[in-house]
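Report on the following structure.
The values are calculated or read from the model by the stated rules, or taken from the named source; none is laboratory data. These numbers were taken from a predicted model, which means no experiment stands behind them. We place every Cβ from the backbone using ideal geometry, glycine too, and count neighbours over all the protein chains shown. Quick note on the areas: whole protein, heavy atoms, side chains included, nothing else; ligands and nucleic acids left out. Shrake-Rupley method; radii C 1.70, N 1.55, O 1.52, S 1.80 Å.
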Amino acid sequence: MKITKRQIVLLGILYIGSISYLQTFSLATQAAHQHAVMSYIAGGLISLTALWLVSTTLKRFSDRNLLQALTGRFPILGRALLVLYLLFLLFVCARDIRIISDFTNTVLLNRTPIPILGLMVTATAVYICQGGIRAFLGLSEIYIPIFIGAVFFIVLVLARDLHLSYLVPYFSLDWSGIMKGTWFVFPYQAEILALPLVISGKYYKATAGYVSLAIGSALMMVLLLNTQMVLGIPLVGKLIHPGYEMIRQIQITDFIDRFDLLLMALWYPTALGKIAFDLYVLCYTVQIVVPKLSGRLMTAPAGALAFACSIWFFRNALQQFHFNFVFPLIAFAFHIALPVLFFAVLRPRRGKPEPKAG
């Protein structure tokens, strides 16, 4: 099906802006304190460089995506590399399932066991994933504009509770702390690289990827600054979900004391869509490695495996949160080294037509 530039922008915002709020605010504030927003800017610039490398490479193959181009040029080595990428995608999918399960258990359903919540999240993601790319485009077109509107609503309602004094000193920059914060933030922003991997060069537009990265990063920075100016720097650095605690400060009237539930209801579908797209990229990569397998039929087994790994890899929410200190090292190989490899290796052949996608 035809994919427009606007749909790519919304899908990119869905992918990088749905779950990042739950994990990066506290880590970036611990490292960079009141200048944590600078970490998002630095991480966005690094992600932009990697996205430019991937987008430039994709322009050389107008009728295919990069996964098809890699296996077409290097049938054996390309598939071996994609097997490693599959393991990375499985880990990302399992991590996101566990993040949402722990968050739901902490905030909404305290007495429901985490495996039950994880199973419900995975089943929903599998159902969305079976709808194909059309399901993600429809989901992003409905909920991302609502989500952006909710962000501006939060800023407007909490304007009277913002304290600029919490960000003092403004210009005393701790560059080592900012770089440390970038280390935590970058892997979540760079996940947008999955778009040109599964969307063919015929429909993917580089400018749409850049715009979605910019808007997604801007939304994260707005919410981060709002959280810091409402709760204060020391408190944001010690909470696991400071963004949610910030939303709990919203009080419209005396009888609406759980307005955060409405905002969560508007946000939750985007988080489920992000997990479903993780699963979609995972199944699509499996289909590229083993062409005889059906990616659609692999969604349920792949989802079950990701759910099992989410329980197996992390004992509790604190262990999953601390994994963010190590995860950037793993993500560096796939978000930096892989785009550089694509750019260097996947060059158009002179005098030999490229095989078309099957």
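Per-residue answers, yes or no, for (1) buried (at least 21 other Cβ atoms within 10 Å of the Cβ); (2) not basic (Lys, Arg):
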residue	(1), (2)
Ile13	yes, yes
Ser26	yes, yes
Ile41	no, yes
Gly44	yes, yes
Leu48	no, yes
Ile76	no, yes
Arg79	no, no
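Looking at Asp102, is it touching a residue at least 40 places away in the same chain (Cβ under 8 Å) and within 20 Å of the chain's Cα centre (by Cα)?
Numbers: touching a residue at least 40 places away in the same chain (Cβ under 8 Å): yes; within 20 Å of the chain's Cα centre (by Cα): yes.
In short, yes.
How about segment 24-49: which of its residues are in contact with a His (Cβ under 9 Å, 6 or more places away or on another chain), closer than 29 Å to Ile142 by Cβ and not aromatic (Phe, Trp, Tyr)?
Ser47
If Leu223 passes every condition in (1) crowded, with 22+ Cβ neighbours inside 10 Å; (2) out of contact with any Ser or Thr (no Cβ under 9 Å at 6 or more places or on another chain) but one, which one does it miss?
(1)
Residue by residue, here is whether (1) polar (S, T, N, Q); (2) open to solvent by 10 Å² or more (accessible area, probe 1.4 Å); (3) touching a His at 6+ places or on another chain (Cβ under 6 Å); (4) in a loop (DSSP other than H, G, I, E, B) holds:
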position: Ala208; (1), (2), (3), (4): no, no, no, no
position: Ser212; (1), (2), (3), (4): yes, no, no, no
position: Ala218; (1), (2), (3), (4): no, yes, no, no
position: Val230; (1), (2), (3), (4): no, yes, no, no
position: Val236; (1), (2), (3), (4): no, no, no, no
position: Pro269; (1), (2), (3), (4): no, yes, no, no
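Pull up segment 20-70, narrow it to residues that are of a type in the set (Val, Ile, Thr) and closer than 16 Å to Thr227 by Cα, then point me to the one that is nearest to the chain's Cα centre (by Cα). Outline the logic, then answer.
Going residue by residue through segment 20-70, those that are of a type in the set (Val, Ile, Thr) are 24, 29, 37, 41, 46, 49, 54, 56-57.
From what is left, the residues that are closer than 16 Å to Thr227 by Cα are 24, 29, 37.
Working: Thr24: 11, Thr29: 19, Val37: 18 Å.
This residue is Thr24.
For segment 58-72, what are the residues that are open to solvent by 30 Å² or more (accessible area, probe 1.4 Å) and not small (Gly, Ala, Ser)?
Scanning segment 58-72 gives Lys59, Arg60, Asp63, Gln68.
Among the candidates Thr49, Thr29, which residue alone is among the polar types (S, T, N, Q) and closer than 18 Å to Gly232 by Cβ?
Matching residue, one of Thr49, Thr29: Thr29.
Looking only at residues in segment 136-171 that are small (Gly, Ala, Ser) and open to solvent by less than 70 Å² (accessible area, probe 1.4 Å), which one is farthest from Leu263 (Cα to Cα)?
It comes out as Gly138.
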